[in-house]
1. If only one of K77, K106, K97 is in contact (Cβ under 8 Å) with a residue 40 or more places away in the chain, assigned to a helix (DSSP H, G or I) and surrounded by fewer than 15 Cβ atoms within 10 Å (Cβ to Cβ), which one is it?
2. Would you confirm whether or not the range 138-161 contains a residue that is among the hydroxyl-bearing types (S, T, Y) and farther than 29 Å from K63 by Cβ?
3. Report yes if some residue within the range 147-163 is of a type in the set (F, W, Y), modelled with pLDDT of 85 or more and in a helix (DSSP H, G or I); otherwise report no.
4. Of the residues L88, L112, which single one is in a strand (DSSP E or B), closer than 30 Å to V56 by Cα and either assigned by TED's automatic domain parsing to the domain that holds V73 or out of contact with any Lys or Arg (no Cβ under 6 Å at 6 or more places or on another chain) (or both)?
5. Give, as residue ranges, the strands (runs of 3 or more DSSP E) completely inside the range 2-68 that count at least 1 residues that are of a type in the set (D, E).
6. Hey, T76 hits all of (1) in the same structural domain as K154 (by TED's automatic domain parsing); (2) among the polar types (S, T, N, Q); (3) closer than 18 Å to K106 by Cα but one; which does it fall short on?
7. Across the range 136-150, what is the total count of residues that are in contact (Cβ under 8 Å) with a residue 12 or more places away in the chain and surrounded by fewer than 19 Cβ atoms within 10 Å (Cβ to Cβ)?
8. Examine the range 172-187 for a residue that is closer than 30 Å to V69 by Cα, of a type in the set (D, E, K, R) and either at pLDDT 80 or above or in a helix (DSSP H, G or I) (or both), and state whether such a residue exists.
Amino acid sequence: MDYFVPIVIIMLIIITLFKTAKIVPQKSAFVVERLGKYSKTLEAGFHILFPFIDKVRYKLSMKEVAIDVPPQVCITKDNVSVEVDGILYLKVMDPVKAAYGINNFKFATTQLAMTTMRSEIGKLELDRTFVERESINGNVVEAVDMASDPWGIKVTRYEIKNITPPESVQQAMEKQMRAEREKRAEIAHSEGERQSKINRAEGGRQEMISMSEGEKMKRINEAEGRALEIERLAKATAYGIREIAAAIKEPGGENAVSLRIAEQWIGEFGKLAKVNNTMIIPTDIADISGTVASLTKVMKNS
């Protein structure tokens, strides 16, 4: 019985310490009231409160929180009902305002995000709602952040998860997309055919140009070849004539030339007899020597 009182006192002291000693985790804040009135805000660390006077009324997390915004039906500018849901990201900046500014800041910001979303969707036609997501998200963040500033809440971002139109609208959109894809395919095919024809025409033109250039070069080469042939033949003939003239001037050359002329004259006359049925006889055929002498004299003078 003598030990009962000290034990009770020790237990009371321990209970009092548990009630008054508070450890605040990192990224958390405790709002303390003294006799029902706001007293102070406890940040991360170890703290001692006045027993039976101070009391932790609110425990708030200072970390960013993701809140799921439930699906809701919105009416677009062209009177189409779509179901929209999203995620709202926010964090507590002022624990006192978050504790006393509003009863439930998470519920309030979620409802505000939903009403703002309905308003933003109502400004756009159905086709624009799928391409204006960034703009819609930014407008929702701006509106909710401005409204939640008195609550000590900072809205960091909002993301639309799904925009779901009615089944009939989805089928119409699918038909439209198929038609658009078929249109693009036809355009691409026609452009390919057009380019193919242009390429073939260009190839034919280049081929004709190449053929004409080749024919031109062929004729030029042939003309140059004939000119070179004529030039060389003329040079060879002139060289032969000069050699004959030089041979005539040598001793015995004149007699040799006379004999050669006589042989050619007789040979040509014989060919004439073979080709024609009618034979023309020169009047001076008997004077072969005179004819040969005349030709020799001409060649000698030349």
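1. Only one candidate qualifies: K106.
2. Quick first cut of the range 138-161, residues among the hydroxyl-bearing types (S, T, Y) only: 148, 156, 158.
If we keep only those that are farther than 29 Å from K63 by Cβ as well, we get none.
No.
3. yes
4. L88
5. Values: elements: 21-24, 28-34, 37-42, 45-48, 54-61.
So the answer is 28-34, 54-61.
6. Evaluating T76 over (1) in the same structural domain as K154 (by TED's automatic domain parsing); (2) among the polar types (S, T, N, Q); (3) closer than 18 Å to K106 by Cα leaves (3) as the failure.
7. So the first thing to find is which residues in the range 136-150 are in contact (Cβ under 8 Å) with a residue 12 or more places away in the chain, and the list is 136-137, 139-141, 143-144, 147-148, 150.
From what is left, the residues that are surrounded by fewer than 19 Cβ atoms within 10 Å (Cβ to Cβ) are 137, 139, 147, 150.
Residues in the range 136-150 being in contact (Cβ under 8 Å) with a residue 12 or more places away in the chain and surrounded by fewer than 19 Cβ atoms within 10 Å (Cβ to Cβ): 4 in total.
8. Within the range 172-187, one or more residues are closer than 30 Å to V69 by Cα, of a type in the set (D, E, K, R) and either at pLDDT 80 or above or in a helix (DSSP H, G or I) (or both).
The values are calculated or read from the model by the stated rules, or taken from the named source; none is laboratory data. Nothing here was measured: the structure is a model prediction, and the numbers come from that model. Please note: Cβ atoms are built from the backbone with ideal geometry, for glycine as well, and neighbour counts cover all protein chains shown.
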